[in-house]
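K.L.:
Right, I'll just put the structure down here and ask away after.
Taken together, the values in this text are just the output of simple stated rules run on the coordinates, not laboratory data. The structure presented is a predicted model; accordingly, all values stated were derived computationally and were not measured. Using ideal geometry, Cβ is built from the backbone for each residue, glycine included, and neighbour counts are taken over all protein chains shown.
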Amino acid sequence: MAEITLAVITRNSESTLDACLASAGGLAGDIVVVDDHSTDRTIEIARGHGARVLTRSLETCGKQKDFAIRQARSVWVLLLDSDECCTPELDREIRETLAGTPAHPAYRVPRKNLYFGKWLRFGGKYPDYQTRLYRRDRVRYSDHFSHEKVIVDGSTGTLAGSILHHAYPDLDTWSMKLKRTAEFDALEWARNGVRPSALNFLRFCLFRPLWRFDRKYFLRGGFLDGREGLLACLHDVLTQILAYHLLCRNHDEKGPPLRAAGS
């Protein structure tokens, strides 16, 4: 089997990093963790798994992930977020794929998103394909603050094994990530020239949130996931409204540039 580097970016990730690295440590001969100045036990945990830890301030998530994969010692890279785990099924499938001659330079995998411990199957939360296994010389990440895209030079295959995403284990994490995602979105909008206006208020605080909620909760069956499905859809809606509020507040106060939490 071709050698693999496991790449992870972190920021105060002590609660999830151990499980993340343990899930794929046996698969990867090289582990690289790019850390954004964590103040908890993140670095200690990473080094306990034999990872190379590089400290780098986060500019955008896209740039941070692109930097991480460039540090790989192997041609093939598996990238996980620090709150994700590689399942045994995916581990076996990656080994089988790389044991021969891979048909593609990149592979996407389904991701199971867990909200408060429940796997969400509806509302667009599954299969939620993520391109995470690839040749480092054939991909790059878009320069987005969040929702970054993987740009592949060539075709992308699909694997059946899943990544487990422990997205929101509790309400504290749910609210913290809501704020962080909103700050990233506000940064992205400001960079793209979005300014406060009556039209943008209607767009970002009314029309888009209502459409997103209706599409995910009703049209895509989010209601079938119960209260966890409702909280997932509300998270997406409230992120938009809070992001616009942050954009306006920064504009009105003429304060320093927006900066995302955890960056």
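K.L.:
Identify the GluC sites (Glu not before Pro) of the range 1-69 meeting these criteria: DSSP loop state and at most 15 other C-beta atoms within 10 Å of the C-beta.
P.N.:
Answer in residue order: 3, 59.
K.L.:
Further, regarding this structure: Nothing charged except the Cβ atoms of Lys and Arg (+1) and of Asp and Glu (-1): what's the magnitude of the dipole of the chain about its Cα centre? Round to the nearest 20 debye.
P.N.:
Computed about the Cα centre, the dipole is about 680 debye.
K.L.:
At q = 0.13 Å⁻¹, what log₁₀ I(q)/I(0) does the range 170-253 have when each alpha carbon counts as one equal point scatterer in the Debye sum?
P.N.:
Log10 I(q)/I(0), no solvent term: -0.44.
K.L.:
Next up: Which one of 141, 196, 76 is farthest out on the positive end of the charge dipole of the chain, using unit charges on Cβ (Lys, Arg +1; Asp, Glu -1) and the Cα centre as origin?
P.N.:
Positive-end residue among those listed: 196.
K.L.:
Work out from phi, with θ = phi - 60° and the Karplus expression 6.51 cos²θ - 1.76 cosθ + 1.60, the ³J(HN,Hα) of each residue of the range 204-217, listed in order in whole Hz, and give x for Gly and Pro.
P.N.:
3J(HN,Hα) across the range 204-217, in whole Hz: 8, 10, 10, 5, 5, x, 5, 5, 4, 5, 4, 5, 7, 7.
K.L.:
List the pairs from 63/216; 65/118; 65/177 whose alpha-carbon separation is above 25 Å, in the order I gave them. Display every interim value, and only then the final one.
P.N.:
Working: 63/216 29 Å; 65/118 28 Å; 65/177 19 Å.
Beyond 25 Å between Cα atoms: 63/216; 65/118.
K.L.:
Something else: Let me make sure I get this right: for the range 41-128, a, b and c are the square roots of the gyration tensor eigenvalues over alpha carbons, sorted descending. Under 1.5 in a/c it's rounded, otherwise prolate if a/b > b/c, else oblate. Which is it? Display every interim value, and only then the final one.
P.N.:
Numbers: a/c = 1.61, a/b = 1.13, b/c = 1.43.
Oblate, since a/c reaches 1.5 and b/c is not below a/b.
K.L.:
State, to one decimal in nm, how far the label point of residue 227 lies from the label point of residue 143, with both points 7 Å from Cα in the Cβ direction.
P.N.:
4.5
K.L.:
Report the paramagnetic label zone for residue 170: residues of the range 110-126 whose backbone N is under 15 Å from a point 7 Å from Cα along the Cα-to-Cβ axis.
P.N.:
The answer is 116-117.
K.L.:
Can you work out ³J(HN,Hα) from phi for every residue in the range 68-75, in order, using Karplus 6.51 cos²θ - 1.76 cosθ + 1.60 and θ = phi - 60°, giving whole Hz and x for Gly and Pro?
P.N.:
Per-residue couplings from phi come out as 4, 6, 6, 8, 5, 8, 10, 5 Hz.
K.L.:
Can you give the Rg to Rh ratio for the range 116-263, taking only C-alpha atoms and Rh from Kirkwood?
P.N.:
The Rg/Rh ratio comes out at 1.00.
K.L.:
Quick one: give the max-minus-min coordinate of the C-alpha atoms of the range 1-76 along each principal axis, largest first, in Å.
P.N.:
36, 24, 15
K.L.:
Report the relative contact order of the chain, percent, no decimals, based on alpha-carbon pairs under 8 angstrom and at least 6 residues apart.
P.N.:
Reported relative contact order: 19 percent.
K.L.:
May I pose another question? Sequence-distant or interchain residues sharing an amide H contact under 5 Å with residue 82, placed H: which?
P.N.:
HN-HN under 5 Å from residue 82: 9.
K.L.:
Taking Rh as the Kirkwood radius, which is the inverse of the mean 1/r over Cα pairs, what is the Rg/Rh value for the range 4-167?
P.N.:
0.93
K.L.:
Restricting to DSSP H runs of at least four residues, report the calculated mean residue ellipticity at 222 nm for the chain, -39500 (n - 2.57) per run over all residues, nearest 500 deg cm²/dmol.
P.N.:
Details: 8 runs with 100 residues, N = 263.
Computed mean residue ellipticity for the chain: -12000 deg cm²/dmol.
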